[in-house]
Amino acid sequence: MSQISSEWNNEAYVSLHLVQKMLQMAGLPAKSGYSHWYPEFKIKKLRNCRKKWWVDFYIEDLNRYINFLVEIKSAIARIDDSARYQLYTYLNYSNTRFGLLIDPFRLEVYELTNGQFNLITKHTIKDPTRVEPIAEFLRDFLFTINMRTISIHTSKGGVGKTTLVINLAFELAKQGNRVLVVDLDDQANASLVLGVNRADEIDNASSLEEVEQILDDFAGRKELIDFLKADKGLGFNYMDYVYSSQFNKYINYYIWGINGKIDVIPGSYRTKDAEIGSRPYRQELLNKGLQKSDIAKDYDYVIIDTPPSYTDITWNGVCAAQYMVIPSQMEYLSAYGINNPIKQVKEIEQNTEGKRGKIIGIVPFMTRGTNLNRTMKELIKNRFERQNISMLQEIQHSTYVGEALKARQPMSVYAEKTGKGKNVAYQFISLTQEIIRIINTIEKN
């Protein structure tokens, strides 16, 4: 860029005509249901330090569960090492992961993790009056660090919901993704199969007294209901509620060098509406917990297993989900259970301006190839495609799916170990790839 007007020497002018326009064009309005700007945001300082710090903007991107700082420099001040150290200080004392440095000539994006302050991407600004290319760069960056939340939801039990949760989580982790499973179902089957409800210890117990001791220890742990009820203020640590899945041994054993993992916020018989009482916003406790707990810095996907009921706990899973997948058997009663989840999600989508509640599609589950299955599949496809809801990769009926669950193994591991159920294992792989592809398309558009 050769020449710019002298107005760009004023930081307030840069803020108004470049930064604020960039944020708006990048899909981050100043105040909405999914983003907030906090101008002249005060940074907490050391008690004995007299110096006061204010960063130009603190941005909450509630849709992506990301917060970041923006520090602005004028055409005269420019970005230099002093400005970079300034941003490092702000990130450090505000406990914020990402920060943007911007002047009329360049935009630099930094990340502070584990005490390491690194430039992760940058953009040369050819003309500060042309904001769209700069906003596009910011959108692309936010796309790369987006934590995705997917709810697996249906209003009828026994259709394979938990089976889909655990296999989707494993296939995502196999690709190097960090996955958090949130078990909202009071039956806690996902927690059980994923190995965080101490099922192996109970199976191997040699006496009733030993089982009772395991259950007593188990009762004292922090879990999903405690996460929902906890004050998310100073001192809150979401890791107190997270447990590593037994499935991680398969990721590390079968797939060398992959950094993916599965963690779980487990459920239990305590996951009841009565536990959360009449708290304000009691249907949004999970969503607010994900937003305020800094979980997004440690996970790429959150998979939510919802109960097949209409309770405040269920609504927590619906409200927190950017995306929803609906499993259904291809029979009359199961197909009837598709309508209510769609109505729920449509309401959320409207209330959040499309930032929550996007339906990825319907998964035909446990299909048998019978005339009834084929007829119902065609009926459901025709009915819901008119609402732009697609039929996804089907999962065929197989006794090996139940055997894999009993062995507490993901389907692809069970198939590799036994040589059985390879077709179904591939269907889970194909379904996962399809879900990722659809989400990528939605977010890019």
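None of the figures in this text is laboratory data; all of them are computed from the coordinates on show. Please read these numbers as outputs of a predicted model, since none were measured by experiment. FYI the Cβ positions are ideal-geometry reconstructions off the backbone, even for glycines, and counts take in every protein chain you see.
Computed quantities for the displayed model
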| read-out | value |
| --- | --- |
| Lysines whose Cα lies under 19 Å from that of K406, excluding same-chain neighbours fewer than 8 positions away | K161, K249, K417, K420, K422 |
| For the chain, calculated [θ]222 nm from helices alone, where every DSSP H run of n ≥ 4 adds -39500 (n - 2.57) | -11500 deg cm²/dmol |
| The chain - Rg and Dmax from Cα coordinates, angstrom | 24.1, 82 |
| Pairs beyond 18 Å (Cα-Cα), from K31/K346; K261/K358; K229/K272; K232/K288; K31/K355 | K31/K346; K261/K358 |
| Filtered trypsin sites (Lys or Arg not before Pro), the range 42-129: DSSP coil and at most 14 other beta carbons within 10 Å | K44, K45, R47, R50, K51, K52, R78, K126 |
| Per-bin percent of Cα-Cα distances, the range 1-108 [10 Å] | 14, 44, 32, 9, 0 |
| Relative contact order (%) - the range 23-155, alpha-carbon pairs under 8 angstrom, separation at least six | 18 |
| Spatial separation of Cα centroids for the range 265-307 and the range 317-381, in angstrom | 22 |
| The chain: antiparallel DSSP beta bridges as a percent of all, rounded to 5 | 45 |
| Gain upon complete extension [R383, S278; 0.36 nm per residue less C-alpha separation] | 34.0 nm |
| Helix axis angle, 81-94 relative to the chain longest principal axis, alpha carbon, degrees | 40 |
| Straight-distance crosslink candidates among lysines, where the alpha carbon sits under 25 Å from K122 and sequence neighbours closer than 8 are dropped | K21, K73, K297, K444 |
| Fraction of beta bridges assigned by DSSP in the range 6-144 that are antiparallel (%, nearest 5) | 85 |
| Residues S206 and E132, FRET efficiency given R0 of 56 Å [Cβ-Cβ distance, rounded to 0.05] | 0.25 |
